[in-house]
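For reference, the structure discussed in these notes is given below.
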Amino acid sequence: MSASSPPLAAPASPRPHALRAVLMTIGASGCFVANDALAKYVSQTLPAGQLIVLRSGIVVLLMLLLAWRQGVLRQLPQAAHPRVLVRSLADAFGTAMYLLSLFQLPLANATAINQGAPLFMTLFAVLFLREKASALRWAAVGIGFVGVLLVVRPAGEGFNAWALLCLAGTLLHALRDLLTRRLDPRLPSLVATLSSALALGLLAALLLPFQGWRPVGLPTLGLISLGATFLCSAFLLLIGGLRLGEISLVAPFRYSGLLFAVLLGYGVWGHLPDAWGLFGIALLVISGLLVMQGERRGR
């Protein structure tokens, strides 16, 4: 699962604890990127399918434990609802595409491309849900597309075809977010998240006959478990931030994940986006802020 995979959230309280909500959102962004970095690191020694299956299995176990602690186990059958299943499939395919490309791309590049999901969701909402968009929102979408193109650069010397797979995964994540809006608001966040984790694990299992299964040592299993813990922590922090603070307040701080990705990518692999890539990342941040500004004004 990626940084652009927000769970369902409860409405914000009338008087949010602003600082705490912001810190939780930044923490969630950092946990998402840490999970991606660990997955990318382990992918150097394990087949992608095996890695995703193991991580998904651990996430499912952790989510079941959380569901038991929160008393929502009786609501797990709701995961079989057609709308939940369609959303889970979109999430599973999108996340699989993102992870497979992440294993081949610099961490910051893959993260930046995936941050374009809200922009595509805005476009899908206008095209398929017939929502009205202001000039500000269209400008934000245009700027965001330019930013994505600068990061992907399909005609550039450094182009990697995996970037297109990452972009396809981002489109599916945008579709997932659009489908999330069509779910019953009474559906617990954990049910939707658990359904997505199961779907991703089953999808990745299809790769096992082609990629095989390698012995897993305790250190490697520990890294995978740590990544799964970061992922579950990211979901909990994100839910907490959205419940404590207004979306217009906390949403801009989700872009802190780009900074974490640049720092981790450079510290672990020595990857640093070039000038065009950094400019594209900046445009993505600007476009996201413009979209949020439009949401705040109700346009």
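The values are calculated or read from the model by the stated rules, or taken from the named source; none is laboratory data. Just so it is clear, the structure is predicted and the values come from calculations on it, not from any experiment. Glycine also receives a Cβ, built like all others from the backbone with ideal geometry; neighbour counts cover every protein chain displayed. Side chains included, ligands, DNA and RNA excluded: accessible areas come from the protein's heavy atoms. Shrake-Rupley method; radii C 1.70, N 1.55, O 1.52, S 1.80 Å.
Taken over region 97-111, the criterion of being open to solvent by less than 10 Å² (accessible area, probe 1.4 Å) and either closer than 12 Å to Ala168 by Cβ or touching a strand residue (DSSP E or B) at 6+ places or on another chain (Cβ under 9 Å) (or both) is satisfied by Tyr98, Ser101. Checked against (1) without any contact (Cβ under 8 Å) to a residue 60 or more places away in the chain; (2) under 30 Å from Gly277 (Cβ atoms), Leu136 passes all but a single condition, namely (1).
Within region 171-181, is even one residue assigned to a helix (DSSP H, G or I), under 27 Å from Gln70 (Cβ atoms), open to solvent by less than 40 Å² (accessible area, probe 1.4 Å) and of a type in the set (Val, Ile, Thr)?
Yes, because at least one residue in region 171-181 is assigned to a helix (DSSP H, G or I), under 27 Å from Gln70 (Cβ atoms), open to solvent by less than 40 Å² (accessible area, probe 1.4 Å) and of a type in the set (Val, Ile, Thr).
Quick check: anything in region 251-260 at pLDDT 90 or above and either surrounded by fewer than 19 Cβ atoms within 10 Å (Cβ to Cβ) or in a loop (DSSP other than H, G, I, E, B) (or both)? For region 251-260, residues at pLDDT 90 or above and either surrounded by fewer than 19 Cβ atoms within 10 Å (Cβ to Cβ) or in a loop (DSSP other than H, G, I, E, B) (or both): absent. Of all the listed residues (Pro11, Pro16, Pro7), the sole one being at pLDDT below 75, open to solvent by 10 Å² or more (accessible area, probe 1.4 Å), in contact with a helix residue (DSSP H, G or I) (Cβ under 6 Å, 6 or more places away or on another chain) and more than 19 Å from Ala117 (Cβ to Cβ) is Pro16. Screening Leu167 with (1) among the aliphatic types (A, V, I, L, M); (2) exposed (fewer than 15 other Cβ atoms within 10 Å of the Cβ); (3) under 16 Å from the mean Cα position of the chain (by Cα) gives one miss only, at (2).
In region 198-249, the qualifying residues are those that are open to solvent by 50 Å² or more (accessible area, probe 1.4 Å) and of a type outside the set (A, V, I, L, M, F, W, C), and the one that is farthest from Leu85 (Cα to Cα) is Pro219. Consider region 12-53 and keep the residues that are in a helix (DSSP H, G or I) and of a type in the set (Lys, Arg). The one that is farthest from the chain's Cα centre (by Cα) is Arg20. Annotation for region 54-76: at least one member residue is open to solvent by 40 Å² or more (accessible area, probe 1.4 Å), outside any helix (DSSP H, G or I) and more than 29 Å from Gln104 (Cβ to Cβ).
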